[in-house]
Amino acid sequence: MKINHIELNCRRNTSFGGELGADPVFIFFRTPVIYMENGQEMYTSDSSAVLLTSGYKSTFRPLKGKSVRYDLVSFRTSAADRQYIASMNLPLDRPVELKDDFVVSGALRSMRSQSMHRGRHFSEFMELSMRIIFIAISEAAESLPASPEEKIPRYAELKKLRTAIYDDPVNTWSIEEVCDDMQISRTYFHRLYFEAFGVTCRQDVIESRLLKAADLLKNTGKSVTEIAEACGYDSESYFMRQFKKHKECTPSEFRRRINSGEIS
């Protein structure tokens, strides 16, 4: 493993990452950072570390009004190095949060100090230091809590259903039909759904309809009766009771408060 350069205590107020070059790069973020993963914006809550593969294109950016502080090591790998990294099951191109960054920050300081005078065992020292860092990151990644996809059975199907509920709130959403499609019992379905999202499927159906109702109250001149029907309610009185229970005001009061600017 050949170390190209080491930079400590860097600070940026703008996005960076895609311009880091063709060689692999290790970055130790001392502050929270925002990044993209699978098309979603993610952020770290504290210090983190990331191993960027060759040709990494995405970017990292600071939280609004903040700057990113970080250390960086650019290096080249041999076939043996790449095999070692693969054996560690390191997450690539994705920051790993560090509960304790003592090992990583200490190794980087030692590497920077060693690079100043380049002793006889410089190359060996650098390679061993990077391996220590890789071990620390691997252990930190293994200690992370399992994602919903990993710990909740049928999570992908449940997430797809929840998205469909909010996309089509007027649908009756028969639990019996959903359970038949998934080939599971109602009891098991309700347990999985609540474990995945912290609410019941019925609560999501109600919330999706009330969100649609609030949007219609805000952006149209439709009557309460028309809105109740447009949101899948057969009974206007039931719609009004449910709206008041969840929004703490009647639909007409909600519209008045929206128009007066009391609520956004």
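So the check is Cβ under 7 Å with 6+ separation or different chains; which pairs have a first residue in the range 207-224 that's hydroxyl-bearing (S, T, Y) and a second one that's open to solvent by less than 60 Å² (accessible area, probe 1.4 Å)?
S208/I165; S208/P169
Can you name the residue in the range 44-59 that is surrounded by 14 or more Cβ atoms within 10 Å (Cβ to Cβ) and in contact with a Phe, Trp or Tyr (Cβ under 8 Å, 6 or more places away or on another chain) and is also modelled with the lowest pLDDT among such residues?
My answer is T59.
If the Cβ limit is 6 Å and pairs must be 6+ apart or interchain, which residue in the range 228-243 that is among the charged types (D, E, K, R) pairs with which residue that is open to solvent by 40 Å² or more (accessible area, probe 1.4 Å) and part of a helix (DSSP H, G or I)?
Final answer for the pair search is E236/T225.
Evaluate the following for D23: is it open to solvent by less than 50 Å² (accessible area, probe 1.4 Å) and either assigned to a loop (DSSP other than H, G, I, E, B) or at pLDDT below 90 (or both)?
Here the answer is yes, as D23 does meet what is asked.
Residues in the range 79-100: is at least one among the aromatic types (F, W, Y), loosely packed, with under 14 Cβ neighbours inside 10 Å and assigned by the TED database to the domain that holds S47?
no
Yes or no: S48 under 16 Å from L92 (Cβ atoms) and under 16 Å from the mean Cα position of the chain (by Cα)?
yes
Just the residues that are open to solvent by less than 40 Å² (accessible area, probe 1.4 Å), under 35 Å from the mean Cα position of the chain (by Cα) and not small (G, A, S), please, taken from the range 211-226.
Within the range 211-226, L216, L217 qualify.
Condition (residue is closer than 30 Å to C249 by Cα, in a helix (DSSP H, G or I), of a type in the set (S, T, Y) and open to solvent by less than 70 Å² (accessible area, probe 1.4 Å)) applied to the range 201-210: is it met by at least one residue?
yes
Give me the pairs, please: first residue somewhere in the range 100-112 and closer than 18 Å to T31 by Cα, second residue anywhere and charged (D, E, K, R) and not in a helix (DSSP H, G or I), beta-carbon distance under 7 Å, and either six or more positions apart or on two chains.
Within 7 Å, the pairs are L108/D71.
Which numbered condition in (1) surrounded by fewer than 13 Cβ atoms within 10 Å (Cβ to Cβ); (2) at pLDDT 90 or above; (3) over 30 Å from P148 (Cβ atoms); (4) small (G, A, S) is the only one that S185 fails?
That leaves (3) as the condition not met.
As an exercise: evaluate D180 against (1) part of a helix (DSSP H, G or I); (2) surrounded by 14 or more Cβ atoms within 10 Å (Cβ to Cβ) and give the number of the one condition it does not meet.
So the condition that D180 fails would be (2).
Among the numbered conditions (1) within 29 Å of R94 (Cβ to Cβ); (2) surrounded by 12 or more Cβ atoms within 10 Å (Cβ to Cβ); (3) not basic (K, R), tell me where I165 comes up short.
(1)
Here is a list of conditions, (1) out of contact with any helix residue (DSSP H, G or I) (no Cβ under 6 Å at 6 or more places or on another chain); (2) in a loop (DSSP other than H, G, I, E, B); (3) farther than 20 Å from T172 by Cα, and K222 meets all of them except one; can you say which number that is?
(1)
Looking only at helices (runs of 4 or more DSSP H) that fall completely inside the range 60-153, which ones have 3 or more residues that are modelled with pLDDT of 85 or more?
79-87, 102-117, 122-142
The values are calculated or read from the model by the stated rules, or taken from the named source; none is laboratory data. These figures come from a predicted structure and were not determined experimentally. Cβ atoms come from the backbone with ideal geometry, glycine included; neighbour counts cover every protein chain shown. Just the protein is used for accessible areas: all its heavy atoms, side chains included, with ligands, DNA and RNA removed. Shrake-Rupley method; radii C 1.70, N 1.55, O 1.52, S 1.80 Å.
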